[in-house]
Amino acid sequence: MRSDAVKTGTQQAPHRSLFNALGMTKEEMDRPLVGIVSSYNEIVPGHMNLDKITQAVKLGVAMAGGTPVMFPAIAVCDGIAMGHVGMKYSLVTRDLIADSTEAMAMAHQFDALVMIPNCDKNVPGLLMAAARLNVPTVFVSGGPMLAGHLNGHKTSLSSMFEAVGAYAAGKLDEDGLTECEMKTCPTCGSCSGMYTANSMNCLTEALGLALPTAGTEPAVNSARRRLAKESGERAVELVKQNIRPLDILTKKNMLNALATDMAIGASSNTVLHLLAIAHEAKVDITLDDIDQMSRKTPQLAKLNPASSVFITDLNAVGGIQTVIRELSKGGHVNTDVLTVSGTQADRIAKAKDADGVIVHKVDDPIRKDGGIAILSGNLAEHGSVVKQGAVKPEMMDFTGTARVFNGEQAACDAILGGAIKAGDVVVIRYEGPKGGPGMPEMLAPTAAIVGKGLDGNVALITDGRFSGASRGAAIGHVSPEAAEGGLIAFVEDGDKIHIDIPNRSITLLVDDAEIAKRREKGILPPKELDGYLKRYAKLVTSSNTGAVFAD
């Protein structure tokens, strides 16, 4: 066993003395040593139940004949970090999580790992670590939050941000706003829409690194604890079978995840994270692959914030395995691939058929292409990303007038202050991986646009990114970013911008001679930084390569 390096032999007597100090018996030392990477903390609602999930995983490991040992991983709540300097520290934690998990796993030579994430950067960070370490690994998240209920309607966190816009527009009074904040997020769990956390948890299941239902079973259900015990048992079995993450994270499985991504209309952040995971797994996945998958994969489910259907509704009709089963009928996924519990064919054989309402049939999709589209053009030579499944039909082909802001807060002030009008394209720049730094999410301005009733006639473009809770004609991940001299740095107020989502293009309608003149003026100087953000800005690459660290 891998853990023999710290448990077996005369020279390991000092090591065993330290295991004795932990209270371990000889029998425990003789078993596979399974690291339980728990993201439990008391600041993230999606993580407040992970102590219970961790205990259930430990029981599962012990029942299967392993020795469970827990160590922590950090996690930021994107909702709490939103709209202030804290959002610069969200994406950057993805690499801290991967690096610190690598350090702990290598230092202590675990035979297997069970990863217990739940929220936005925590899931991809641990997936990156799993690929890097290539030790038998199972994922089991904390599960999604139940939807809120307000005035006869289900609500979610995006409803809360949109309520701020409605309040600014005079459509909601202070009592109404307070009622929203009291009823929107009613339980523990990752926020209830198909936002980034739930998107990534669903894709972890689609990748084959988590057991069926891991992406959709609600956090408050006892079935989630049973799933955690089963995941602990699987980790020990994977040691016996010597099945490792890189046996599962093949290109076929990555493409399965991309197909599932398109079918469920997942968060645009999944593009960033799947590219980063592929980088760690040394699998050749590019924006071109994502674009091709988008063009040919039908969208089968449309979930909140794009509709009133929630992830718990998806769970009730079969969840991700039902989606994959339906995709397989159209030849959109590979079913002979390995997972942590048999082949994908084995798994979907036990799945429900699509109900035709929440999960559409493959021959009667919501749309014939995927929920995410990759746009290119002079304004995004290296690509940009839009969650087209959450864009109103009238905004799919739109020409508008640029209103330019060198940062998110100025844009928010303009939107909430009534300065943005129908026909405008809000351009927020210097918020990319290097320029932000940290590529902040733009839920506040997108939600303000929706809250003020402008999502049918105002677009937003940024070199930053969006929350999975964002909806509307919001184009992010513009690359090259402004801080690296991308054309977005040279857009001026009054310029015309053409967004053509069906034809996958985004164009600044300014002639080349004028652009050349503007380039001579240069870009804004880098921001004064210190601490981790300074190191991050130096190391991070462009969003079109997943905003990974330079090799």
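The values are calculated or read from the model by the stated rules, or taken from the named source; none is laboratory data. If you're wondering where the values come from, they're calculated on a predicted model, not measured in any experiment. Every residue, glycine as well, gets a Cβ built from its backbone with ideal geometry; the counts of neighbours run over all protein chains shown. Protein only, heavy atoms only, side chains kept; ligands, DNA and RNA dropped before computing areas. Shrake-Rupley method; radii C 1.70, N 1.55, O 1.52, S 1.80 Å.
For the set 300, 539, 454, the ranking by accessible area, highest first and with no ligand, DNA or RNA atoms included, is 539, 454, 300 under a 1.4 Å probe. Across the range 332-468, the volume of the C-alpha convex hull divided among the residues equals 168 Å³ per residue. Computed with the Debye formula from one identical point scatterer per Cα of the range 392-551, without solvent, the log10 of I(q)/I(0) at q = 0.09, 0.16, 0.17, 0.21 Å⁻¹ comes to -0.28, -0.89, -1.00, -1.42. With the convex hull drawn around the C-alpha atoms of the range 212-337, the volume per residue stands at 120 Å³. Taking label positions 7 Å along the Cα-Cβ direction at both residue 99 and residue 422, the computed distance is 5.0 nm, reported to one decimal. Applying 1/(1 + (r/R0)^6) with r as the Cβ-Cβ distance of residue 308 and residue 397 and R0 = 35 angstrom yields a FRET efficiency of 0.85. Looking at 348, 63, 177, which one has the Cα that reaches farthest to the positive end of the dipole of the chain (charges on Cβ: Lys, Arg +1; Asp, Glu -1)? Value computed over the given set: 63.
Grab the eigenvalues of the alpha-carbon gyration tensor for the range 257-329, scale each by 5, take roots, and send me the semi-axes largest first in whole angstrom. Can you show the working numbers first?
Values: eigenvalues 106, 35, 28 Å².
Value: 23, 13, 12 Å, ordered largest first.
Applying 0.36 nm per residue to the separation of residue 527 and residue 357 and subtracting their alpha-carbon distance, the gain on full extension is 56.3 nm. Taking every pair of alpha-carbon atoms in the range 1-110, give the share separated by more than 22 Å as a whole percent. The calculated P(r) of the range 1-110 puts 44 percent of pairs beyond 22 Å.
Per residue, the range 172-317 exposes 32 Å² of accessible surface when a 1.4 Å probe is rolled over the protein heavy atoms with every protein chain present. Summing charges over all other residues whose Cβ lies under 10 Å from the Cβ of residue 172, with Lys and Arg as +1 and Asp and Glu as -1, gives -4. Selection among 414, 119, 204 by position relative to the dipole of the chain gives 204 as farthest towards the positive end (Cβ unit charges, Cα centre).
For the range 464-521 versus the range 408-445, the inter-centroid distance based on Cα atoms is 13 Å.
Where only protein heavy atoms count, and the probe is 1.4 Å, what is the accessible area per residue for the range 371-467 in Å²? Before the final figure, lay out the partial values.
Details: 2360 Å² over 97 residues.
Per-residue value: 24 Å².
Within the assembled protein chains, the solvent-accessible surface assigned to residue 195 is about 10 Å², based on a 1.4 Å probe. Counting only protein chain heavy atoms and rolling a 1.4 Å probe, the accessible areas of 233, 441 rank, largest first, as 233, 441.
Which value, in debye to the nearest 20, gives the size of the charge dipole of the chain about its Cα centre, when Lys and Arg are +1 and Asp and Glu are -1 at the Cβ? Walk me through the intermediate numbers first.
On the way: 54 positive and 62 negative charges, 232 e Å.
So the magnitude is around 1120 debye.
Along its principal axes, the range 35-99 has C-alpha extents of 47, 24, 11 angstrom, given from the largest down.
Normalised by the number of residues in the range 71-220, the average gap of Cα pairs under 8 Å and 6 or more apart makes the relative contact order 24 percent. Counted over all Cα-Cα pairs of the range 462-515, pairs farther apart than 16 Å make up 50 percent. Which whole-number percent of Cα pairs in the chain have a distance greater than 40 Å? So the pairs more than 40 Å apart make up 22 percent of the total in the chain. Residue separation of residue 343 and residue 52 scaled by 0.36 nm, minus their Cα-Cα distance, works out to 101.8 nm of gained length.
Using Cα pairs under 8 angstrom and six or more residues apart, how large is the relative contact order of the chain, in percent? Present the calculation step by step, with values, prior to reporting the outcome.
On the way: 1321 pairs, mean separation 77.8, N = 551.
Once normalised by length, the contact order is 14 percent.
Note on the range 45-166: Cα-only Rg and Dmax are 17.1, 56 Å.
Net charge near residue 306, counting Lys/Arg +1 and Asp/Glu -1 over other residues with Cβ under 9 Å of its Cβ? So the environment of residue 306 carries a net charge of +3. Placing +1 on the Cβ of every Lys and Arg and -1 on the Cβ of every Asp and Glu, with nothing else charged, gives the range 321-376 a dipole about its Cα centre of roughly 60 debye. Extension gain, residue 169 to residue 284: 0.36 nm times the residue separation minus the Cα-Cα distance gives 36.7 nm.
Compute the normalised compactness of the range 279-384: alpha-carbon radius of gyration over 2.2 N^0.38 Å, N being the residue count.
Working: Rg = 15.5 Å, N = 106, 2.2 N^0.38 = 12.9 Å.
Dividing the Cα radius of gyration by 2.2 N^0.38 Å gives 1.20.
Based on every Cα atom in the range 399-457, Rg and the maximum pairwise Cα distance Dmax equal 11.3, 32 Å. Answer with one residue from 385, 18, 459: the one whose Cα lies farthest towards the positive end of the charge dipole of the chain, charges on Cβ with Lys, Arg +1 and Asp, Glu -1. About the Cα centre, the residue reaching furthest to the positive side is 18.
Over the chain, what percent of the accessible surface lies on carbon and sulfur atoms, probe 1.4 Å? Please list the in-between numbers first.
Working: 10630 of 20040 Å².
Percent of accessible area from carbon and sulfur atoms in the chain: 53.
If you rank 67, 343, 25 by how much accessible surface each has, with a 1.4 Å probe, what is the order from largest down? Walk me through the numbers before you get to the answer.
Numbers: 67 5, 343 45, 25 70 Å².
Heavy-atom accessible area, descending, gives 25, 343, 67.
Modelled label positions at residue 539 and residue 364, each set 7 Å beyond Cα in the direction of Cβ, lie 5.2 nm from each other. Report summary: the helix-based calculation at 222 nm, which adds -39500 (n - 2.57) for every DSSP H run with n ≥ 4 and divides by the residues of the chain, gives -11500 deg cm²/dmol. Between the beta carbons of residue 409 and residue 80, assuming R0 = 22 Å, the FRET efficiency works out to 0.85 to the nearest 0.05.
Could you calculate the FRET efficiency of residue 13 with residue 551 from 1/(1 + (r/R0)^6), where r is the beta carbon distance between them and R0 is 51 Å, rounded to 0.05? Efficiency computed from Cβ-Cβ geometry: 0.80.
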